[in-house]
Ligand SMILES: NC(=O)c1ccc[n+]([C@@H]2O[C@H](COP(=O)([O-])OP(=O)(O)OC[C@H]3O[C@@H](n4cnc5c(N)ncnc54)[C@H](O)[C@@H]3O)[C@@H](O)[C@H]2O)c1
């Protein structure tokens, strides 16, 4: 058993890797030695992967195309020869009060935040089984465990992510594959700042015991730990990274 954070010779897929938390995750995994397949619908992912080094590659792909996910995973597997780590990071937040939630925004949220991550995990875990090793990490949210105003679709999708994380952990554990979720508090990315700004952000920070939001690097650090050999006994967990918000 290796107690190491090194990801040397490992291949990781990171979705939503062109910006925000996903870009920080890709940077930390590469720094730990991994080759990263960076997936995003934003075409800048190609150049960002090029700059990342260590044979990383960008893939322009819209995760709403759930029928094409198997093809995407086959392509990445063909390009790299193996898949050791899947980071389901891409997500959207369409925030509407309960009375105004639209079917289109509900469905888009479920497809991107819940359906695509599950089927990516399905396809990757089947390949990981063959080598009896794998790490699957799903970026959920504090919204998976608490209610947030205007977040009905988002909260529901993230609670679903935590739920399938546990089932994959139970079914795939015997094959050397662990599956965990990470649930951040607000992070000041494009997604985070769109809702949490001004007085609303200050009020939220005042409810967090550490009195601040999380940085992208702090979330990426938690991902790095769960991606490592060292975390091999952690399986089916939802690591809440929220400065203590949900404990009070
Ligand atoms: N920022 C926060 O406050 C916060 C808090 C908790 C959890 N999260 C979660 O962290 C993850 C990353 O969020 P972020 O803040 O970095 O968001 P972001 O909007 O800054 O970045 C998301 C990235 O995902 C990509 N993406 C979105 N939809 C896609 C699709 N259909 N196909 C392919 N790529 C797509 C975007 O192009 C973008 O590059 C999300 O799952 C989000 O729900 C964020």
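Data table
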| quantity | calculated |
| --- | --- |
| Any hit, the range 102-121, residues being more than 14 Å from the ligand (Cβ to nearest atom), touching a helix residue (DSSP H, G or I) at 6+ places or on another chain (Cβ under 8 Å) and over 27 Å from residue 32 (Cα atoms) | yes |
| Residue check, residue 143 modelled with pLDDT of 95 or more and more than 24 Å from residue 244 (Cβ to Cβ) | no |
| Residues that are farther than 21 Å from residue 29 by Cβ and more than 13 Å from the ligand (Cβ to nearest atom), drawn from the range 133-156 | 147, 149, 150, 152 |
| Single condition residue 208 does not satisfy, out of (1) within 15 Å of the ligand (Cβ to nearest atom); (2) under 29 Å from residue 121 (Cβ atoms); (3) crowded, with 17+ Cβ neighbours inside 10 Å | (2) |
| From the options 18, 37, 24, residue that is touching a helix residue (DSSP H, G or I) at 6+ places or on another chain (Cβ under 8 Å), under 17 Å from residue 120 (Cα atoms), within 16 Å of the ligand (Cβ to nearest atom) and modelled with pLDDT of 95 or more | 37 |
| Count - residues of the range 206-218 that are farther than 18 Å from residue 239 by Cα and assigned to a helix (DSSP H, G or I) | 2 |
| Test for residue 96: is it under 21 Å from residue 142 (Cβ atoms), touching a residue at least 24 places away in the same chain (Cβ under 8 Å), surrounded by fewer than 17 Cβ atoms within 10 Å (Cβ to Cβ) and more than 14 Å from the ligand (Cβ to nearest atom) | yes |
| Any strands (runs of 3 or more DSSP E) falling wholly within the range 14-127 and containing at least 3 residues that are closer than 24 Å to residue 188 by Cα | 35-40, 85-88 |
| Condition check for residue 240: touching a strand residue (DSSP E or B) at 6+ places or on another chain (Cβ under 9 Å), at pLDDT 95 or above, part of a strand (DSSP E or B) and within 15 Å of the ligand (Cβ to nearest atom) | yes |
| Any pair with Cβ under 8 angstrom, 6 or more apart, that starts in the range 174-192 at a residue that is surrounded by fewer than 20 Cβ atoms within 10 Å (Cβ to Cβ) and ends at one that is at pLDDT 95 or above and part of a strand (DSSP E or B) | 175/134; 176/134 |
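This table checks each residue for (1) within 11 Å of the ligand (Cβ to nearest atom); (2) assigned to a strand (DSSP E or B).
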| site | (1), (2) |
| --- | --- |
| 160 | no, no |
| 166 | no, no |
| 173 | no, no |
| 183 | yes, yes |
| 200 | no, no |
| 204 | yes, no |
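The values are calculated or read from the model by the stated rules, or taken from the named source; none is laboratory data. Keep in mind it's a predicted model, so treat the numbers as computed, not measured. FYI the Cβ positions are ideal-geometry reconstructions off the backbone, even for glycines, and counts take in every protein chain you see.
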